[in-house]
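Heads up: the structure comes next, in structure tokens.
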Amino acid sequence: MNATSHGDRMVHLNSAGLGRMPATARAVLTEWTRHDDRYGSYELEEHLDDAVHDELDERLAALLGTPAGETTLFTGAADAYATLLTRLPLGQGDRVWTTPYESAANLTTLYALRDRTRCALDVVPLRPDGDLDLEWMATHIGDDVALVSVTYVPAGCGIVNPVEDVGRILAPHRCVYAVDASYAVGQFPVDAARIGSDLLTGDGWRFLRGPQSVGFAHTSPRLRALLGGMGAEPAVPPHGAAVAALNAALAEHTAALPDEDLLADLRAAVEEAPGTELIAPGRIQSGILTFRHDELPAAVVRRQLAARGVVVWKTVAQETPLYLPALGVTTAVRASVHHDNSAQDITRFGEALHEILTTHERPRTPVPAPVAPSYDTVTDLSQWRSRRPGTDRTPEEADRDRRPASVHAFGVPSPRGRR
């Protein structure tokens, strides 16, 4: 399907940012927004209680492979992540693990959690190919690790992290396992039971094609028990019209995956365009492809593609602040395919991109591409912690944790003004 619900002929390659809402879901959103404006929120909530909430709960359970009744609605994945994880009863002796692919929003939550509870915050290192170092995780996991946070698919690149393998490593231990599936759910099957996560969060408006400002969180019985009286409820629930529209979008959701040929063709179109560089770490890639050009800023490429009828997005390095800046990336172009994209869509994208990059006026003084920093050894984990008494490792421990070089070695920065 090339046409959007508005009837135009734009090629939409930005489902990772905002999926094309089905016409039925858009009609539901419009209808109940007007109903709320005319009759007020109470009647809308009564409608949701009578006809939507149970149906939506069943659809989310089927989507995530979980029992009904274990999923809660939030205004988005970042809201769910922040609301629930800040309620965890952590203390100074606890350690929290994150990865270089964590989003800026989630890192902000982890920094706040660290500052409030005085727990330690560690970054799981990467292998030279960009995959998470599962051997390191298996070696260093212990009962002092209270929380492990992994992004299934990051915002800034298309790697698919091995969340099920991580879950098997963590299963015998007491840590809470949080998985951000915002850029995964709806793109390919996501099974919370197979992952073994205690918290799995997602957005309704990306590959699921619902409206903005509604997302969800699946919480395991173990996590709900840990939260105790704090519970798993949102501080502010999403608007009722958005809830009804998400339910309508899920009614049309299909488990069909994008054709593998589309992914290969998308990658080939970028690789064949002059002056491009792929940002594609890891051995397993999703339907998200990120690249940059050695001269043209991402914003210019995006606007030029839009003028030719192709919708992509500009991703900013600070959306993935522990990974992209270490590569010298400031902005990049992100294209993403959905199961309703066609081979003709990829052809139009490739032709438009090639035209833009071969006809643009080159600057008089070429701007050199940023060079990624070089590392001889991975920074020891003590440099990834807040500088507080009791959190630094001994020299012997630091030496033990040094690992082979990779351009992905970097540390967790302290929030401004906090040490």
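Per-structure values
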{"read-out": "Unit charges on C-beta of K, R, D, E only; dipole of segment 83-237, Debye", "value": "460"}
{"read-out": "Residue-level accessible surface for Leu18, protein heavy atoms, 1.4 Å, Å²", "value": "70"}
{"read-out": "Phi to ³J(HN,Hα) by Karplus 6.51 cos²θ - 1.76 cosθ + 1.60 over segment 45-51, Hz, x for Gly, Pro", "value": "5, 4, 4, 4, 5, 7, 10"}
{"read-out": "Translational diffusion coefficient (Stokes-Einstein; Kirkwood radius from C-alpha pairs) of segment 195-266 at 37 °C, 0.692 mPa s, in µm²/s", "value": "225"}
{"read-out": "Solvent-accessible surface (1.4 angstrom probe) belonging to Arg9, in square angstrom, nearest 10", "value": "150"}
{"read-out": "Rounded to whole Hz, the Karplus (6.51, -1.76, 1.60) HN-Hα couplings of segment 132-137, x for glycine and proline", "value": "4, 7, 5, 5, 4, 4"}
{"read-out": "Which of Arg127, Arg292 is most accessible, then next, and so on - probe 1.4 Å", "value": "Arg127, Arg292"}
{"read-out": "Linear extension gain, Ala112 paired with Tyr39, 0.36 nm per residue minus alpha-carbon span", "value": "22.3 nm"}
{"read-out": "In segment 218-283, the GluC sites (Glu not before Pro) that fall in loop regions by DSSP, at most 16 other Cβ within 10 Å", "value": "Glu252"}
{"read-out": "For segment 132-245: rounded, prolate or oblate by the Cα gyration tensor [a/c cutoff 1.5]", "value": "oblate"}
{"read-out": "Calculated FRET value between His354 and Thr24, using beta carbons and R₀ = 60 Å, to 0.05", "value": "0.95"}
{"read-out": "HN-Hα J in Hz across segment 101-110 - Karplus 6.51, -1.76, 1.60, θ = phi - 60°, x for Gly and Pro", "value": "8, 5, 6, 4, 4, 5, 5, 4, 5, 5"}
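The values are calculated or read from the model by the stated rules, or taken from the named source; none is laboratory data. A quick note: this is a predicted structure, and the numbers were derived from the prediction, not measured. Every residue, glycine as well, gets a Cβ built from its backbone with ideal geometry; the counts of neighbours run over all protein chains shown. Only protein heavy atoms, including side chains, enter the accessible area calculation; ligands, DNA and RNA are left aside. Shrake-Rupley method; radii C 1.70, N 1.55, O 1.52, S 1.80 Å.
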